[in-house]
1. Taking the range A:170-210 as the search range and keeping residues that are of a type in the set (S, T, Y) and in contact with a helix residue (DSSP H, G or I) (Cβ under 6 Å, 6 or more places away or on another chain), which one is surrounded by the fewest Cβ atoms within 10 Å (Cβ to Cβ)?
2. Of everything in the range B:171-223, what is acidic (D, E) and in contact (Cβ under 8 Å) with a residue 24 or more places away in the chain? Give them in sequence order.
3. I'd like to check something: does the range A:62-81 contain any residue that is farther than 18 Å from A:L221 by Cβ, at pLDDT 95 or above and not in a helix (DSSP H, G or I)?
4. Determine which single condition A:T169 fails, assuming it passes every other condition in (1) under 18 Å from A:V48 (Cα atoms); (2) part of a loop (DSSP other than H, G, I, E, B); (3) within 14 Å of chain B (Cβ to nearest Cβ).
5. Out of all the residues in the range B:67-79, which are away from chain A (no Cβ under 14 Å) and in contact with a helix residue (DSSP H, G or I) (Cβ under 6 Å, 6 or more places away or on another chain)?
6. Within the range A:1-54, how many residues are closer than 13 Å to A:V278 by Cα and touching a Leu at 6+ places or on another chain (Cβ under 6 Å)?
7. Can you say whether A:R136 is surrounded by fewer than 19 Cβ atoms within 10 Å (Cβ to Cβ) and closer than 17 Å to B:G54 by Cα, as far as the supplied structure shows?
8. Only residues that are more than 18 Å from B:V95 (Cα to Cα) and surrounded by fewer than 17 Cβ atoms within 10 Å (Cβ to Cβ): list them for the range B:6-30, please.
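The values are calculated or read from the model by the stated rules, or taken from the named source; none is laboratory data. This structure is a prediction, so every number in the text was calculated from the model and none was measured. Here the Cβ positions follow ideal geometry from the backbone for every residue, glycine too, while neighbour counts run over all protein chains shown.
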Amino acid sequence: MTERITRLNTMATQLRRDVVNCIYHAGDGHPGPCMSIIDILTALYFDVMRLDSNDPKWNKRDRFILSKGHACPALYAALARKGYINPAELKTLRALGSRLQGHPVPKDTPGVEATSGSLGHGLSQGCGMAIAARRRGDDCLVFVLTGDGELNEGIIWEAAMTIPKYKLTNLIAIIDNNGIQSGGKVDVISNLYPLREKWEGFGWYVVDLDGHNMKEITLALEKAAKRGRASREEREGMEIVSNQAPPLPDQPIIFIASTIKGKGIPYMEGNNAWHKRVPTDEEHQIAMEILGGLDLE
Amino acid sequence: MQGLDTLAEKDDRIMLVCADSLLAMRATDFVQKYPDRYVEVGIAEQNAAATSAGLAIEGLIPFFATYAGFITMRACEQIRTFIAYPNLNVKMAGVNGGIAAGEREGVTHQFFEDIGILRTIANITILVPADADQARQATIAAAGIPGPVYIRLGSGRDPVVFEKNSPFIPFKINIMQKNGNDIALFGNGVLLPRLIKASKILSDKGIGVTLVEVHTVKPLDIEGITKVLKDCGAAVTAEDHNIIGGLGSAIMETAAENYPVPIERIGLRDKFPSSGLPDELLDYYEMSVNDIVKAAQKAITRKNSTKK
């Protein structure tokens, strides 16, 4: 493993620790849905995205939308470790007057780009943001991370039609396919699968991804980002993964990331009781021992 | 969507977002002139609202334009959570506001709950211009008001109330006539011509009328309205909207908190209307000139009986 991947994995572990601490101190939150996206978030914030935490409104920054807003402790942790907010502020999650509201809103939290929490809205907002970036002529990218459960929402498929229509190759979508939504398995709750064929049918270029393999995530997302900033001519024949023919130059990309709800903390992994639950003192202690890293100071 | 090209000429942040509503909004000229300012998402109002939010996050000024009810009902949550909550600069223009504007289409295209719905959502300015030229001016004014603005529009065939280029000044009530202070008539939109006729009939009977246009339903000009209520001591409200939740409710709230006087409401009386011709509909659903006159007389009688 290269030093870079080791560094990113260490950061991912730190963010997992921060999420557990954040939810433990707040006494409320959704730990399971956070854990499945941590590796992807780490890759985005600490490797792939072009950001300047000293200038959160920098025009040329890449944008990130957490469409599954209930996993915001993970986003807040990434923002804290990236330098947008003080890690100690994570303890104020969900408190009266906190900048870290129960679900994100881009009012006064630096680094939060869009409102989310009512599910299904990341792609549409990202669509507007990507159109605006095109109009400005900026080569910045819009990353949208959705849950799999939230693909039940009709508005997702409305946006799934509009984004390819506008050839928004500067928007990169990622599905956190952890297989479990609030009420149970995604294939039991509604008829979600097959996912690949659905998105392909709407005109997207679909890439499968191991959402917990840092090397694979960074490699694929870096290529997608490079393509997203490229001209149409340059995009011609640009490969994303070696086992798949390259996307057509105007196709937007969506990653289907296989993930595990609760990943990284054995007692949470695949156990949907942790969709929304606060660790007890003992559970908190166990998590701290597994994870290592810094506390919220 | 008159006024939009005037805005677009001066301000390259102006965008039009449609949900296959370009023809309904009569905005084809705009799109011919500014093809790259037009975002068409198809018959998908929720997507249109959330895409507008995305454009506004990036500093553009989108006008999301389609039928009043598809904006305020189909995309209600998107407006509330993704536009109003982060206080984004999205302008919404809804046609077929009221039963008269929806006319022959029937209830699916007659929207008489829009103002009541939006009035309960914080941060939204609600404008109800009276006729086409006022709508043009309201559109231009909306671009200058920070945050979300809803412009309630009629059918485009609505009667002309004001002379062309009469000023449209948001936020303030517009005192159109002051022939006396026996009764205040508050109204907006397509009912204004009827209020003008009712005012004439009342004046002929020796009743002094103060006729007030309230084109900004939110934020309400509480000071201006309270002043008129104090002066007249009785009022009628008139709007092409359900009597619950719209202008009548807003003025009654203001009166109850500031200066309670007898008030009678003219509007759709909490029922679903039929298809029909605009004037025929307004007459049938108790929004006729005669209904307004009777309501005024009733309010004055109540005022006089309270005095004793």
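1. A:S190
2. Once the filter is applied, which keeps residues that are acidic (D, E) and in contact (Cβ under 8 Å) with a residue 24 or more places away in the chain, the range B:171-223 yields B:D182, B:E213, B:D221.
3. Scanning the range A:62-81, I find no residue that is farther than 18 Å from A:L221 by Cβ, at pLDDT 95 or above and not in a helix (DSSP H, G or I), so the answer is no.
4. All conditions are met except number (3).
5. Residues satisfying the conditions are B:A68, B:T72.
6. Total satisfying the criteria: 3.
7. Here the answer is yes, as A:R136 does meet what is asked.
8. B:T6, B:E9, B:K10, B:D11, B:D12
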